[in-house]
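See structure below.
The values are calculated or read from the model by the stated rules, or taken from the named source; none is laboratory data. Please read all numbers here as calculations on a predicted model, not as lab measurements. Cβ placement follows ideal geometry from the backbone for every residue including glycine, while neighbour counts extend to all protein chains displayed. Remember, those area values only see protein heavy atoms, side chains included, never the ligands or the DNA or RNA. Shrake-Rupley method; radii C 1.70, N 1.55, O 1.52, S 1.80 Å.
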Amino acid sequence: MTNSIELKEVLRQYRWFNDTVDIALVYYLFYRILLLIKGTRAFQMLMGLGLIVLVLVTSQWLKFYTLDWLIHSFWSQIVLAIVILFQPEIRRTLAQVGQRHFFRALSPVEGSKFIEETVKAAVSMANKRIGALMVLERETDLTTIVEMGTELEAKVTKELLTSIFLPYSPIHDGAAIIRNGRIVAAGCFLPLTLSSNLSKSLGTRHRAAVGLTEETDAVVVVVSEETGEISVVMGGAIEPNVDAPRLRKMISDLFVKQKKTKPSGAMRPAADRVKGDRELLTP
């Protein structure tokens, strides 16, 4: 009976328009923050802070006075800790105020051209032992990295990508950033991973690719100058020795809107697919 009266009192005081809009705005704010940090280290740190809150509540309930005092002492410095831990994300968020940049899946028409040119460039450079680092941006905005390089804003082509990474090119040492099927910048420097689990045989390019994908959801295509091997790096993990068909499929699955499955008769003949792959394997 008491609960029913309290519920009626709450509903009576509820301002349907003001409170609904207020709740919706708060919900949208938290939703955008989660989208911003999804796939980054900040999300893992946020989960760690959530665990600390859970331990705090548990310690109070079980009357663990020493643990409760320790967590409360840390909690008094939480604002400073958040600023330090989330400094890159806070800086990126402030830089994006007023901007409207969202990852979008490419249509099959525009996506097929971008994918084929990227695959051809990777295979051509692998055959010629030209080292390359191609970053494919997804939902995590890479504007801060783009600003450190040379802005291009050019269509993705095999010839342009190859010319960027030629040894005598002034911007061959950095990474090329590809956003929505266009090369937005080249000569960009990426953060190196601090992980000790990587093989010592891996060079700076692979460590930079792992470092970036540990903090963002980007996909990085790496061509080794020493071995001519193509690798794909996602989520801090390296997929080594990727051939042309595999590379094409991995990029297509992530960046191209999937069409409805067609009848087998409408598919391209297997002989044509093999011929296309053989053409990609030539410089």
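Worth a mention:
- Pairing each residue of the stretch 234-253 that is within 20 Å of Gly181 (Cβ to Cβ) with any residue that is open to solvent by 20 Å² or more (accessible area, probe 1.4 Å) and part of a strand (DSSP E or B), provided the two are 6+ apart or on different chains, yields C-beta distances under 8 Å for Met250/Glu239.
- Just one residue in the set Leu190, Leu198 is within 14 Å of the chain's Cα centre (by Cα), more than 17 Å from Val119 (Cα to Cα) and of a type outside the set (Asp, Glu); that residue is Leu190.
- Residues being in contact (Cβ under 8 Å) with a residue 40 or more places away in the chain and not in a loop (DSSP other than H, G, I, E, B) - total across the stretch 224-233: 1
- Looking only at residues of the stretch 238-253 that are touching an Asp or Glu at 6+ places or on another chain (Cβ under 7 Å) and under 15 Å from Glu116 (Cβ atoms), we find that the one that is least open to solvent (accessible area, probe 1.4 Å) is Ala244.
- Of the helices (runs of 4 or more DSSP H) lying entirely inside the stretch 104-223, not one carries at least 3 residues that are open to solvent by 40 Å² or more (accessible area, probe 1.4 Å) and of a type in the set (A, V, I, L, M).
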